[in-house]
Amino acid sequence: MKDVTGTYETFEGSVGVNPLQYSDYPGTAEFLEKYQEEFDKVPGSEAGFHYISAYILVEAMKAAGTVDDAHAIREHMQQGIEALPEDKKVYDIPGILDEGNFDVIQSMAVVENGEVVPVDID
C-alpha cells in the first residue's frame, strides 16, 4: 500500500494483514533481502506466502516419493510442513487442516499515526 501512496498516513485506522517486512519469522529477513535484490522492491505478504507454499510442496513431494501423484503428495503435506528448513519459514504454518488449508498462525496490524503497528491475536 505504501508503494502506491507513498505513505501509510492515507490508511490511518486501517486494520489488515501485518506486512511481511514487519514480521519476524526465522526466514523472513533472508527472504526480504533476496527479494529486494532480485526485484528492487519490498515483497508483499502474498509473495512470502507463495514462497513458503512452494517449499512446503517440494518437501511434501520428497516425503511422498513422487512428483506426479497428487493424492500421495496431499497425504504428505504435513510432513512437508514439518521438514521445512528454518531459513524458509517466512510464516508460521504448524499444520494443514482436513479441508486442505494451511493452519496459519494469523497476524494483523493497524495503522496508527502513519505507522504500521503489529497486534497480537489471542
Any idea what angle helix 45-64 forms with the longest principal axis of the chain, computed on alpha-carbon atoms, 0 to 90 degrees, nearest 10? 10
Given a 1.4 angstrom probe, what's the average accessible area per residue across the chain, in square angstrom? 64
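Loop-only check: which trypsin sites (Lys or Arg not before Pro) in the range 1-92 are DSSP coil with at most 16 other Cβ within 10 angstrom? Intermediate results must be reported in sequence, preceding the final value.
Values: sites: LYS2, LYS34, LYS41, LYS62, ARG74, LYS88, LYS89; in loops: LYS41, LYS89.
Those satisfying the criteria are LYS41.
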For the pair LYS62 and GLN106, the simple spin-label estimate (label points 7 Å beyond Cα toward Cβ) gives in nm 3.2
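Using a Förster distance of 35 angstrom, determine the FRET efficiency expected from the C-beta separation of GLN79 and MET1, and round it to 0.05.
On the way: r = 36 Å, r/R0 = 1.04.
So, using R0 = 35 Å, E works out to roughly 0.45.
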Spherically averaged projected area of the range 1-84 from its Cα convex hull (nm²): 7.1
Nearest 10 degrees, 0 to 90: what angle lies between the long axis of helix 28-39 and the longest principal axis of the chain (Cα atoms)? 80
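Taking loop as defined by DSSP and a crowding limit of 14 other beta carbons within 10 Å, which GluC sites (Glu not before Pro) in the range 39-122 fit?
On the way: sites: GLU46, GLU59, GLU75, GLU82, GLU86, GLU99, GLU112, GLU115; in loops: GLU99.
Here the sparse-neighbourhood loop sites are GLU99.
Hey, any idea what % of the range 17-122's accessible area is carbon plus sulfur with a 1.4 Å probe?
On the way: 3240 of 6590 Å².
Carbon-and-sulfur percentage of accessible area, whole number: 49.
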List the residues whose amide H sits under 5 Å from the amide H of ILE96, counting only those 5 or more places along or on another chain, with H placed 1.01 Å from N in the peptide plane. ASP103
In nm, the gap between the two label points placed 7 Å beyond Cα toward Cβ at ASP24 and ILE121 is 1.9
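With a ≥ b ≥ c the root eigenvalues of the C-alpha gyration tensor of the range 76-122, is it rounded (a/c under 1.5), prolate (a/b larger than b/c) or oblate? Please list the in-between numbers first.
On the way: a/c = 4.13, a/b = 2.10, b/c = 1.97.
Prolate is the answer for the range 76-122, as a/c is 1.5 or above and a/b outweighs b/c.
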One finds, for ASP87 and HIS50 with R0 = 22 angstrom and r their Cβ-Cβ distance, a FRET efficiency to the nearest 0.05 of 0.85
Can you give the extra length, in nm with one decimal, that the chain gains between HIS71 and GLU33 once fully stretched, where that is 0.36 nm per residue apart less the Cα-Cα distance? 10.2 nm
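Which value at 222 nm does the chain reach when only helices count, each DSSP H run of 4 or more adding -39,500 (n - 2.57), with the total divided by all residues and rounded to the nearest 500 deg cm²/dmol?
Working: 5 runs with 48 residues, N = 122.
Calculated at 222 nm, the ellipticity per residue is -11500 deg cm²/dmol.
The values are calculated or read from the model by the stated rules, or taken from the named source; none is laboratory data. Quick caveat: nothing in here was measured; it's all calculated off a predicted structure. Reconstructed Cβ throughout: ideal geometry from the backbone, glycine too, with neighbour counts over all protein chains shown. Keep in mind that these areas ignore ligands, DNA and RNA; they rest on the heavy atoms of the full protein, side chains included. Shrake-Rupley method; radii C 1.70, N 1.55, O 1.52, S 1.80 Å.
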